[in-house]
Amino acid sequence: MEQSGTTALLQGAVQDLASGVVSALRGGDHVTVSGAIGEDTPTANLVLPAVRVLGADLLLPRVLFRSQPDLAELAVFRKAVESFPARADAAPAVRWSHWAMRRTLRRFEAAPDGAPGQDTAPDVDTDWLEGAGWQYLTHQLAVLAALAVPGEACAVTEVARSRPVDVARGFVRAVRRRDWQQAAGAGRWLTLLDGVPAELGLETGLDFVELMGGGDPRVALQIQAARVMRAAGAVA
Amino acid sequence: MTSTRLIHSVGVRAMEWLWAHRDGFRLDVDVDPDVGFLERFKPVGELALICKVLLREGVAGSRQAELARRLIDHTWRDTLDGGGMLVRGQRIEPISPIPFEVYLAYKELGYSRPELERAIVLNHRLESWTSYEVAPTRRLGLSAFQRRFGLVPRPPEADLVDTTWLARTPEPWTVTTRIAYHLTHTVFHLTDWGERPEGLPPRLADYLATWLPAWLDDWLDLERWDLLGELLVVDACLPRPTFDERAWEGFAAAQQPDGAMPAVRSMPEGEPDEVFDIVYHPTLVAAFASVMATSRVLTELAHTAS
């Protein structure tokens, strides 16, 4: 019971963080996580794990709107990265997710001259996606939706770019299964890909996923991220 | 690559079940008028259409072909009383399209009932017959059947294609079971039940080739064998069929040792007639999908060899 209770609390903490990101993506408040650290509340010790679960998307509004996180925000993010290193034998998606956080961290830990930190090469490859069926591919990409950021290419992005129709099929499958989290993640990827069949109706599809599953802030986060990226693409 | 033997064996077993249960294709002459005498004609018409496909494709083994021929003969002579029941149905509901829809396959196989044909030709002149309100895909089918019968289709098929769901190539994630049945039948009618795959416009073939994998995956996991079988027919009608291995293996595994194909999940329980009414259609579809896919596999082999 304690285990499941903790899991539920962690999920709640992740959702709270996601809600903050959604709000920031909508142009509202910025994400606040620092205040919870050190507080003597039952959920205070869940902040870092929750940041790790949400991953690089915690700072997504800063990335997309090109603003600088405040120092406390960045400190919590760094602490989560350092507290939960990805083991060498962890699943590739876990290692990529951790790498995405490290990349984001470097981006904001600018050199004194203001130049962004250099990305280091990821210590994980995309072999596990080689020859993957479109169902598994889409599932894994949705798990790694935090990597779907404009102008931030990596090996996973290249795999996604080479298989737009497969990801579109995965979106259809996820919607049919009412797996809104996966549908939203796949939809975010599709926003970035060329060669997505027009008849997919992606824009309406994203609205549909939000309508049906947007009560979950993690779903709303992906949808809002996709919208911001689409708008940025339209401007660019 | 899906085994041709597996695909073929699904059809062989389905035909054995259909032959063993041929008495299930029955009419109800004492039916409640509210239900309608023509209600029970649908299974007979579908059987005739599928048997015609089986004889046409010429890839069935001799046993299968013999069973198809005997089933056609049995239902024409016994169930339909040599076509007399179709005439009777037409007299009860003079402008119903059902007797015509059932009759066409028999006519194409050489059976004849001139009295019914006179009614069909007369109905074809009626505005009312042309205006009879049915789903767009069935209207497309009625015009296709008129062409096959030798009549000028009213309305022309070209005017009807765009009234179907499929022709609009809508958002593929909105497909429901009902929509999926409409789109499979649109493909059946556009291709004359698989006889002319080229009847499927390239635009629609591309759309289906893109999204069919997602739908096959879904209805396989839902264990909706009847619809999955129809989707496998659609695959076999495409310029480059995939013969989806996972779908075919799941479909074959769902088939019972005696050849019956459950409609959904597993076999229903009940009186023999009730069970027949539920499983005859998926079993017919299994025979249809098997013969179409086998035919396409062999065609591809022939092209590879030459």
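The values are calculated or read from the model by the stated rules, or taken from the named source; none is laboratory data. As the structure is a computational prediction, the values presented were derived from the model and not from experiment. Please note: Cβ atoms are built from the backbone with ideal geometry, for glycine as well, and neighbour counts cover all protein chains shown. Please note that ligands, DNA and RNA were not included when accessible areas were found on the heavy atoms of the full protein model with its side chains. Shrake-Rupley method; radii C 1.70, N 1.55, O 1.52, S 1.80 Å.
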Requested in this report: Can you figure out the FRET efficiency of A:A75 with A:D216, using R₀ = 22 Å and their beta-carbon distance, to the nearest 0.05?
Outcome: 0.20
Requested in this report: Run down the lysines and flag those whose C-alpha is under 29 Å from the C-alpha of B:K107, throwing out any fewer than 8 positions away in its chain.
Outcome: B:K42, B:K52
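In the neighborhood of B:P201, defined by Cβ-to-Cβ distances under 13 Å, what is the net charge if each Lys or Arg adds +1 and each Asp or Glu adds -1? Can you show the working numbers first?
Working: positive: B:R168, B:R196, B:R203; negative: B:E157, B:D162, B:E198, B:D206.
Net charge around B:P201: -1.
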Query raised in the report: By the gyration tensor of its Cα atoms, with a ≥ b ≥ c the square roots of the eigenvalues, what is the shape of chain A: rounded for a/c under 1.5, prolate for a/b over b/c, or oblate?
Result: rounded
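If you count, for each residue, the other Cβ atoms within 10 Å and average over each peptide, how do B:247-259, B:122-134, A:156-168 line up from highest to lowest?
Details: B:247-259: 18.0, B:122-134: 12.9, A:156-168: 19.7.
Sorting B:247-259, B:122-134, A:156-168 by mean packing, highest first, produces A:156-168, B:247-259, B:122-134.
In chain B, which whole DSSP H runs stretch at least 27 Å along their own axis (Cα) and average 0.5 or higher on the Kyte-Doolittle scale? Walk me through the numbers before you get to the answer.
Numbers: long enough: B:202-221 (29 Å, -0.10); B:272-305 (47 Å, 0.63).
Taking the DSSP H segments of chain B (at least 27 Å long, mean hydropathy at least 0.5), we get B:272-305.
How do B:E115, B:E269 stack up against each other in accessible area, from largest to smallest, with a 1.4 angstrom probe? All intermediate terms of the calculation are to be shown ahead of the outcome.
Numbers: B:E115 70, B:E269 175 Å².
Listed by decreasing accessible area, they come as B:E269, B:E115.
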Report task. Assign one of three labels to the range B:44-173, namely rounded, prolate or oblate, based on the Cα gyration tensor with a ≥ b ≥ c the square roots of its eigenvalues; rounded applies when a/c is under 1.5, prolate when it is not and a/b is larger than b/c, and oblate otherwise. Result -> oblate
Query raised in the report: Relative contact order for chain A using alpha-carbon pairs under 8 Å, separation at least 6, rounded to a whole percent?
Result: 18 percent
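May I ask for the net charge around B:K42, where only other residues with Cβ less than 11 Å from the Cβ of B:K42 are counted and Lys, Arg are +1 while Asp, Glu are -1?
Details: positive: B:R40; negative: B:E39, B:E46, B:E101, B:D277.
With Lys, Arg at +1 and Asp, Glu at -1, the neighbours total -3.
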Requested in this report: Using a 10 angstrom cutoff on alpha carbons, build the Gaussian network for chain B and name the most mobile of B:I95, B:I72, B:I179.
Outcome: B:I179
Query raised in the report: Span-like helices, chain A: DSSP H, alpha-carbon axial extent 15 Å or more, mean Kyte-Doolittle -1.0 or greater, which ones?
Result: A:2-25, A:71-83, A:92-108, A:164-176, A:180-192, A:202-213, A:217-235
Report summary line: Shape call for the protein assembly as shown, from the Cα gyration tensor axes a ≥ b ≥ c (a/c under 1.5 means rounded, otherwise prolate when a/b beats b/c, else oblate), comes out prolate
Report task. Before anything else, pin down the relative contact order of chain B: Cα pairs under 8 Å, at least 6 apart, normalised by residue count, whole percent. Result -> 27 percent
Query - Euclidean distance between Cα centres, the range B:120-156 to the range B:218-249, Å - result: 30 Å
Report summary line: Answer in debye to the nearest 20: the dipole magnitude of the range A:54-106 about its Cα centre, from +1 Lys/Arg and -1 Asp/Glu charges placed on Cβ, is 180 debye
Report task. Could I have the simple spin-label model distance between A:D89 and B:E39, label points 7 Å from Cα toward Cβ, reported in nm to one decimal? Result -> 6.5 nm
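Residues of A:195-201, mean number of Cβ from any other protein chain within 10 Å of their own Cβ, rounded to a whole number? Kindly include the intermediate steps, with their values, before the conclusion.
Values: counts 0, 0, 6, 1, 9, 5, 6.
For peptide A:195-201, the averaged partner shielding equals 4.
Considering only the other residues whose Cβ falls under 12 Å of the Cβ of A:Q68, what net charge follows from Lys and Arg at +1 and Asp and Glu at -1?
So the environment of A:Q68 carries a net charge of 0.
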Query raised in the report: Could you give the distance between the Cα centres of the range A:161-217 and the range B:286-301, to the whole Å?
Result: 34 Å
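How high is the relative contact order of the range B:43-142, in percent, with contacts defined as C-alpha pairs under 8 Å that are six or more residues apart?
On the way: 61 pairs, mean separation 27.1, N = 100.
Relative CO of the range B:43-142 lands at 27 percent.
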